[in-house]
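These notes concern the structure reproduced below.
Rule-based calculations on the coordinates, nothing more; no lab input. If you're wondering where the values come from, they're calculated on a predicted model, not measured in any experiment. Every residue, glycine as well, gets a Cβ built from its backbone with ideal geometry; the counts of neighbours run over all protein chains shown.
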Amino acid sequence: MKSSDIAVYEPLDVFNSIERFKKEYGRCECAMLDPWYNKGFGGVRDDYYEYITSILEKLGEVADHIYFWGFPEIVARFIDRIPASHKYNAWLTWYYKNNPSVIRGWRSAQMTCLHMSKPGAKMYPEHFLNEAQLAKQAEGKLRYMPGPPSVIESALIIGFVGKREQTGHPSQKPEAVYKPLIEMVTKPGGLVFDPMCGSGTTGAVCRTLGRRAVLSDMNPEYLAMVHKRLNGPEQQDVPADVGDVQQALALP
Ligand SMILES: C[S@@+](CC[C@H](N)C(=O)[O-])C[C@H]1O[C@@H](n2cnc3c(N)ncnc32)[C@H](O)[C@@H]1O
């Protein structure tokens with residue numbers, strides 16, 4: 001694998017891809033876990049909490065850092081289910097203003113990402129320094145290392161928003177949201193594993209950043225989107241259907 005290589009497995013269940021990844025690579029700096037949300041697309045599992053906990057435990061065997069995505073009320077229950085190999089690191093929020101609302105009351109505008117890390121796992125807040133801060137650092141005058149904010153604002157990919165990135169996957173995350181997550185825990189050439197990769201946002205970001213990635217998903221249609229996204233022309237021309245996005249994010 002070259003430093004910027006992206007590998008895409010054939011359709012595999014998450015547990016099988018983790019086993020395969022473990023045999024082939026042993027470990028990685030970062031695992032991205034963005035499963036279905038136990039509502040909307042993907043349906044509801046009675047054993048959702050046990051199921052996700054066992055995925056997190058398996059990922060804990062291979063990844064220094066794990067990012068786990070979901071809605072806040074669901075992710076909150078995992079604060080107490082972090083694998084023994086890892087510790088709570090941060091509660092990250094993706095904030096989007098452009099969610100269409102058809103109900104009275106609060107309009108859903110956020111998703112949560114729980115960042116868990118092995119004790120001592122490296123982080124690179126220096127990747128976020130601006131030019132003035134870099135200059136100060138070079139002069140030895142940077143008094144503290146400022147980190148990026150834990151709330152990341154980026155529009156929901158919907159309708160004509162984010163058209164350049166759109167693949168047609170019903171729950172595609174914006175590249176702008178994954179970019180800081182991956183930059184925080186990897187250097188160029190670092191390895192990221194995404195066993196439920198959907199449309200391949202992790203791969204697209206790793207390619208841009210010069211990180212390596214291993215992507216997997218059980219759905220062959222989504223993997224076709226990944227191949228098109230990573231190998232096809234930069235400009236994708238498939239607008240996501242608003243209804244699909246609403247269903248995927250379990251919006252009314
Ligand atoms: C929320 S989507 C991921 C979206 C992705 N982060 C993106 O930006 O496109 C969840 C993905 O998990 C996949 N998935 C669900 N169950 C799976 C399983 N048992 N094994 C592997 N993948 C699975 C689905 O096919 C879906 O693409």
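Secondary-structure-derived ellipticity at 222 nm for the chain, considering helices only, amounts to -8500 deg cm²/dmol, per-run term -39500 (n - 2.57) for DSSP H runs with n ≥ 4.
As an exercise, use a Förster radius of 22 Å and the Cβ-Cβ distance of TRP106 and PHE41 to find the FRET efficiency, rounded to the nearest 0.05. The calculated FRET efficiency here is 0.55.
Each Lys and Arg contributes +1 and each Asp and Glu -1, all at the Cβ; summed about the Cα centre of the stretch 23-96, the dipole is approximately 60 debye. One chain, two ends: LYS23 and LYS187. Fully extended at 0.36 nm per residue, the span grows by 56.8 nm beyond their Cα-Cα distance.
Hey, can you rank 67-73, 46-52 by average C-beta count inside 10 Å, highest first? Each step should come with its number before you reach the end.
On the way: 67-73: 19.0, 46-52: 13.7.
Packing order, densest peptide first, comes out as 67-73, 46-52.
Remark on GLY190: its backbone amide H falls under 5 Å from those of ARG212, a criterion applied only to residues 5 or more positions apart or on other chains, H modelled at 1.01 Å from N. Which percent, nearest 5, of DSSP beta bridges in the chain are antiparallel? In the chain, DSSP labels about 45 percent of beta bridges as antiparallel. Springs join every pair of Cα atoms under 10 Å in this Gaussian network model of the chain, and among ALA63, ALA204, ALA31 the largest mean-square fluctuation is at ALA204.
For the stretch 111-202, the list of chymotrypsin sites (Phe, Trp or Tyr not before Pro) that fall in a loop by DSSP and count at most 15 other C-beta atoms within 10 angstrom reads TYR144, PHE160. For the options ASN89, ASN38, ASN231, a Gaussian network treatment of the chain with springs between C-alpha atoms closer than 10 Å singles out ASN231 as fluctuating the most.
Per-residue 3J(HN,Hα) values for the stretch 40-56, derived from phi via the Karplus relation 6.51 cos²θ - 1.76 cosθ + 1.60 with θ = phi - 60°, read x, 3, x, x, 10, 10, 5, 9, 3, 5, 5, 4, 5, 4, 6, 5, 4 Hz in sequence order (x marks Gly and Pro).
Relative contact order for the stretch 25-159 using alpha-carbon pairs under 8 Å, separation at least 6, rounded to a whole percent? Kindly include the intermediate steps, with their values, before the conclusion.
Values: 186 pairs, mean separation 33.2, N = 135.
25 percent.
Think of the chain as a dipole: +1 on every Lys or Arg Cβ, -1 on every Asp or Glu Cβ, centred on the Cα centre; then among ALA63, GLY43, ALA90, ALA90 lies furthest on the positive end. GNM remark for the chain: springs join alpha carbons under 10 Å apart, and the peak mean-square fluctuation among LEU129, LEU59, LEU114 falls on LEU129. For a modelled paramagnetic label at MET145, 7 Å from Cα along Cα-to-Cβ, the residues of the stretch 167-186 in reach, with backbone nitrogen under 16 Å, are 181-186. Its relative contact order, with pairs defined as Cα atoms under 8 Å and 6+ residues apart, puts the chain at 28 percent.
Here the Karplus relation 6.51 cos²θ - 1.76 cosθ + 1.60, evaluated at θ = phi - 60°, turns the backbone of the stretch 194-211 into coupling constants of 10, x, 9, 7, x, 7, x, 4, 4, x, 4, 5, 4, 5, 4, 8, x, 9 Hz, with x for every Gly and Pro.
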